Amino acid sequence: MDFQQSKTKENLARSFAAECQEGARYQFMAKMAQKQGYQYMSMLIRTLAHNEMAHAQQFFNKISELGGANVQNIEIKAGYPFKSGELLEVLKNESQNEEMSADSIYPSFADTARDEGFKDVADLFDMVSKVEKTHQRTLEKLHDSLMNNTLYKSSIGEHAFKCDECGTIIKAKSAPKTCPLCKMGQGYYRIDFSMN
């Protein structure tokens, strides 16, 4: 199929726009977390924002590669999430957005690309879908931990908590309110979800 006439071209453009918007929303969320003293959470969310912009770059590159100089403007019509609120709400909303991208939007875009003969684009959508699923799980875990006041508490007894400012490691059931070495707040402690 000719790329210029394909649904895949429109799906790539929609994905580029969505990833750019998601990257911006994550930057806003990271600032919100930092303002509330959740330094490490803010760093995690900034990493997600960076990931989203890397996805946007790949979609942009694919449009340029397949469309070349013939792509000047791509008209797209799509709805994009626009919800604001407190940190807890935003974490939940973005988790749901990531789940929708991972479980339905990108898989359907991959199917369309495969049907239209763009296997490499289908593979790209599949890879991004897997990353979005990890984002969904991270945001869900942050939301649940913040909601249940377990963000800096281990559910398995003592655990190693590391201060990202100075590197101090404390083995305890919860991260200290203030680092004993650098005096930074609890929000600077690293949260290791793989052990909780």
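The values are calculated or read from the model by the stated rules, or taken from the named source; none is laboratory data. Computed from a prediction, not measured in an experiment: that's the story for all the values here. Methodologically, a virtual Cβ is constructed for each residue, glycine included, from the backbone with ideal geometry; neighbour enumeration extends over all protein chains shown.
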Kindly indicate which of K83, K92 is under 17 Å from L142 (Cβ atoms), under 17 Å from the mean Cα position of the chain (by Cα), not polar (S, T, N, Q) and not in a helix (DSSP H, G or I).
K83
In segment 163-178, what residues are of a type in the set (K, R) and touching a helix residue (DSSP H, G or I) at 6+ places or on another chain (Cβ under 8 Å)?
K177
Quick test for you: out of S174, S129, pick the one residue that is outside the structural domain of R46 (by TED's automatic domain parsing) and either modelled with pLDDT of 95 or more or polar (S, T, N, Q) (or both).
S174
Quick one: how many residues across segment 99-126 are hydroxyl-bearing (S, T, Y) and over 23 Å from the mean Cα position of the chain (by Cα)?
1
Quick one: how many residues across segment 146-168 are surrounded by 12 or more Cβ atoms within 10 Å (Cβ to Cβ) and either at pLDDT 90 or above or farther than 24 Å from E94 by Cβ (or both)?
11
In segment 106-119, what count of residues is obtained for those that are surrounded by fewer than 20 Cβ atoms within 10 Å (Cβ to Cβ) and in contact (Cβ under 8 Å) with a residue 24 or more places away in the chain?
3
Return yes or no: is A54 buried (at least 18 other Cβ atoms within 10 Å of the Cβ) and either over 30 Å from K7 (Cβ atoms) or under 19 Å from the mean Cα position of the chain (by Cα) (or both)?
no
Looking only at residues that are surrounded by 17 or more Cβ atoms within 10 Å (Cβ to Cβ) and aliphatic (A, V, I, L, M) in segment 6-34, which one is nearest to M127 (Cα to Cα)?
L12
Restricting to segment 138-155, name every residue that is assigned to a helix (DSSP H, G or I) and in contact (Cβ under 8 Å) with a residue 24 or more places away in the chain.
T138, L139, E140, K141, L142, H143, S145, L146, M147
